[in-house]
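The values are calculated or read from the model by the stated rules, or taken from the named source; none is laboratory data. In this text, all values refer to a predicted model and were calculated from it rather than measured experimentally. Glycine also receives a Cβ, built like all others from the backbone with ideal geometry; neighbour counts cover every protein chain displayed. Heavy atoms of the whole protein, side chains included, go into the accessibility calculation; ligands, DNA and RNA do not. Shrake-Rupley method; radii C 1.70, N 1.55, O 1.52, S 1.80 Å.
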Amino acid sequence: SLSIATAQEVYTSSGRSTHAKRQHKPEGFDASRLIFGGGFVLAAGDVTNLGISPMVGYRFTDDFSAGVGLGYQYLKIKGFYELYDQVTGQYSDYPLQSNIIYPSVWARYMLFRDLGFIGDIFVHTEFEYDIMRFKDYAYDANYNVVRENIAVNVPCALVGLGIKSPITDRVSIVVLGLYDVLQQEYSPYKGTLDLRFGVNVGF
């Protein structure tokens, strides 16, 4: 997946991020600390995977940010099931199809800044609630193939580290590695590390 985020950033001539000194510190809400962004998934072929996940956040301090997100993903895998069809008298392939909606809340804290070519290192946590709807296939009492609609809701608690490395005075690359500590049965992150690549663009 690829994500693009926008945030108010200030950089030095060396390309390292810093934060502008203000003569008067604003009180209350500061629009320049808003963070917008999102991600998308696009794959076609035997596996069709389409998704979008917009997000919004706020940088409460120079090191701590938090926000919310809402994603949608459609997945179709051709030939996922192979079942014997009594009507045709042979085995037939059936696709796996699912629709997933996943609201989330996230938080990020900067641990280290300006570590040479690495850039900045931060810790990222995210709670995601996956609302999944599947089209499954099974046999009825007469061993005919029937389609079933299955609903599964899965909580996911993602924890990991990220690197933010500037490439220009306004653009930085972000790499995230997240692990779902809950490991529920139907979690899309079960038994794997979720790797995310993105770009931060300053206003």
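For this structure, a couple of remarks:
- Semi-axis lengths, Å, the stretch 73-143, gyration tensor of Cα atoms, sqrt of 5 times eigenvalues: 47, 15, 8
- Taking the 1.4 Å solvent-accessible surface of the stretch 106-172 as the whole, the part contributed by carbon and sulfur is 61%.
- Selection from Gly71, Gly45, Phe60, by position along the positive dipole direction of the stretch 23-84 (Cβ): Gly45
- In the full protein context, the stretch 64-179 carries 55 Å² of accessible surface per residue, based on a 1.4 Å probe and ignoring ligands, DNA and RNA.
- Inter-label distance, Glu185 to Tyr91: 2.6 nm, where each label sits 7 Å from its Cα along the C-beta direction.
- Measuring with a 1.4 angstrom probe and ignoring ligands and nucleic acids, Thr192 comes out at about 60 Å² accessible.
- Fully extending the segment from Lys135 to Glu148 would add 4.1 nm, taking 0.36 nm per residue of separation and subtracting the current Cα-Cα distance.
- Averaging over all projection directions, the Cα-based convex hull of the stretch 28-137 occupies 10.1 nm² in the image plane.
- The stretch 62-203 - Debye-derived log10 I(q)/I(0), Cα point model, q = 0.10, 0.14 Å⁻¹: -0.51, -0.78
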